[in-house]
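Just so you know, all these numbers are worked out from the coordinates, no wet-lab data involved. Everything numeric in this text was worked out from a predicted model, so none of it was measured. Here the Cβ positions follow ideal geometry from the backbone for every residue, glycine too, while neighbour counts run over all protein chains shown.
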């Protein structure tokens, strides 16, 4: 996975996430929206409206002093923990 920060301020982040699709981006967006200090999270990957862009652009807005990169890290950790729990439950079930 290749990440490229397009724009970052103290409370906003726009980052390209190369090679990902709606499946991953919806999971990441959902985890971000559940993260304390995140006011908004969305992504765009519509090549027809963005000049041929095919890799998703993640946009995150935070509040209360939360750094948007820290919010992405927290959401990513939660995704990793959830998938590990699912993997463990699956292994126990078979």
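With neighbours defined as other Cβ atoms within 10 Å of a residue's Cβ, the residues 91, 77 order from fewest to most as 91, 77. Applying 1/(1 + (r/R0)^6) with R0 = 25 Å to the Cβ-Cβ distance of residue 55 and residue 82 gives a FRET efficiency near 0.55. Listed options for Kirkwood radius over Cα pairs in Å are [x] 13.6; [y] 13.2; [z] 14.1. The value calculated from this structure is the one marked [z].
The long axis of helix 22-33 is offset from the longest Cα principal axis of the chain by roughly 90 degrees.
Potential lengthening of the chain between residue 42 and residue 3 amounts to 12.5 nm, from the contour at 0.36 nm per residue minus the alpha-carbon distance.
Here the spin labels are modelled as points 7 Å beyond Cα on the Cα-Cβ line, and at residue 70 and residue 26 they lie 3.1 nm apart.
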